[in-house]
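The values are calculated or read from the model by the stated rules, or taken from the named source; none is laboratory data. Treat the numbers as computed from the prediction; the structure is a model and nothing was measured. In case anyone asks, the SASA skips ligands and DNA or RNA and just uses the protein heavy atoms, side chains included. Shrake-Rupley method; radii C 1.70, N 1.55, O 1.52, S 1.80 Å.
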Amino acid sequence: QTCALPIFSEEDKKGFDEQIKSYLAKKNVKCQRTSSGLYYKILESGSGDFIKFTDVVSFKYKGYFMNGTVFDEQMQKPVEYEVGQLIGAWKEIMLLLKPGGKAFLVAPPSLGYGDRDLEDIPPHSILVFEMEVVSVK
């Protein structure tokens, strides 16, 4: 199911960015920031070729809010998706990883679920993920 990405004003984006910076400072985590506003830290780059947009990736992850509340966790059994089907934050990080790669990322709402109200994720949520790529095909 595809839906248009929400339009966030520059002011909104700046606010989310400030919240993420403050969170990372409190956690004492140094991250890189992409032009889209994704903050990430590659914990292990993995080996082999970089993942491509058309690859099908098997990965484990844990997703939580900045207050530490976990909203989704798939750490035991990996999930499998084509990179192109993932939320924005995951698409971006996957292209920076190789099989076996691990990453920590903090995604503004524009790279997560935007203004959609999901069962476990309120609209405009900043999402934190820990991910590990298990395999790529």
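I'd like the antiparallel share, as a percent to the nearest 5, of DSSP beta bridges with both residues in the chain. Write out the running numbers ahead of the final one.
Working: 29 of 29 bridges.
Taking every DSSP beta bridge within the chain, about 100 percent pair in antiparallel fashion.
From the cross-link list 21/52; 60/98; 26/91; 21/77, which pairs have alpha carbons spaced over 24 Å apart? Write down the numbers at each step before the final one.
Values: 21/52 29 Å; 60/98 14 Å; 26/91 27 Å; 21/77 31 Å.
Those over the limit are 21/52; 26/91; 21/77.
If you line up the long axis of helix 10-27 against the longest principal axis of the chain, both from Cα atoms, how many degrees apart are they, to the nearest 10?
Between helix and principal axis, roughly 70 degrees.
Kindly state, as a whole number, the per residue volume in cubic angstrom of the convex hull around the alpha carbon atoms of the stretch 14-85. Each step should come with its number before you reach the end.
Details: hull volume 10.0 nm³, N = 72.
Looking at the stretch 14-85, the number lands at 138 Å³ per residue.
Whenever you get a sec, compute what percent of the accessible area on the chain sits on carbon and sulfur atoms (1.4 Å probe).
48
One-quarter of the Cα convex hull surface for the stretch 82-127, in nm²?
Averaged projected area of the stretch 82-127's Cα convex hull equals 3.6 nm².
Which of these values of semi-axes √(5λ) of the Cα gyration tensor in Å was calculated from the structure shown: (1) 31, 16, 14; (2) 23, 17, 15; (3) 31, 26, 14?
(2)
Work out, step by step, the length gained on full extension between residue 95 and residue 33: first 0.36 nm times the residue separation, then minus their alpha carbon distance; give nm to one decimal. Walk me through the numbers before you get to the answer.
On the way: separation 62, 0.36 × 62 = 22.32 nm, distance 1.45 nm.
Extra length available between residue 95 and residue 33 comes to 20.9 nm.
For the chain, what relative contact order do you get, as a whole percent, if you take Cα pairs closer than 8 Å and at least 6 residues apart?
Worked out over the chain, it gives 31 percent.
Give me the distance between the Cα centres of the stretch 30-44 and the stretch 75-114, rounded to whole Å.
12
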